[in-house]
Amino acid sequence: MIENRELEYADDPVSAHVAWCKTRAEELLAQGDWAGAFTSFQSDMRKHTGTMNHSQLTTGMSLLLAESSDHVAVIRRWIQGFR
């Protein structure tokens, strides 16, 4: 599945990397592991020069603290919002 998303963005390496990060995090969210998804996404995004300083990375922890009732949904919305 990850490889298919990368092929979809073959002409845009930054978009391909974001898609790869999202896929990895979504796999953890599907297992209910919101903390692992959050950590994985943050770590993976910081591995690419085109995404390492993405402005939305700093909002993740704030969202968790502000909306703590359903972490899986909060993290999913946050991850899906990245472009």
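Throughout, read-outs are computed from the coordinates displayed, never taken from laboratory work. Here the structure is a predicted model, which is why all the values come from computation and not from measurement. Because the Cβ atoms are built from the backbone with ideal geometry, glycine has one as well, and the counts that use them run over all protein chains shown.
In the stretch 50-76, which residues have a backbone nitrogen under 18 Å from the label point lying 7 Å from Val14's Cα in the Cα-to-Cβ direction?
50-59
Among 38-45, 75-82, 15-22, how do they line up by average Cβ neighbours within 10 Å per residue, starting with the highest?
15-22, 38-45, 75-82
Read phi for every residue in the stretch 48-62 and hand back ³J(HN,Hα) as whole Hz from Karplus 6.51 cos²θ - 1.76 cosθ + 1.60, θ = phi - 60°, with x for Gly and Pro.
Karplus values, whole Hz, x for Gly and Pro: 10, 4, x, 10, 4, 10, 4, 4, 6, 4, 6, 7, x, 5, 4.
For Asp33, Asp70, what ranking results if the residue with the fewest other Cβ atoms within 10 Å of its Cβ goes first?
Least crowded to most crowded, the residues run Asp70, Asp33.
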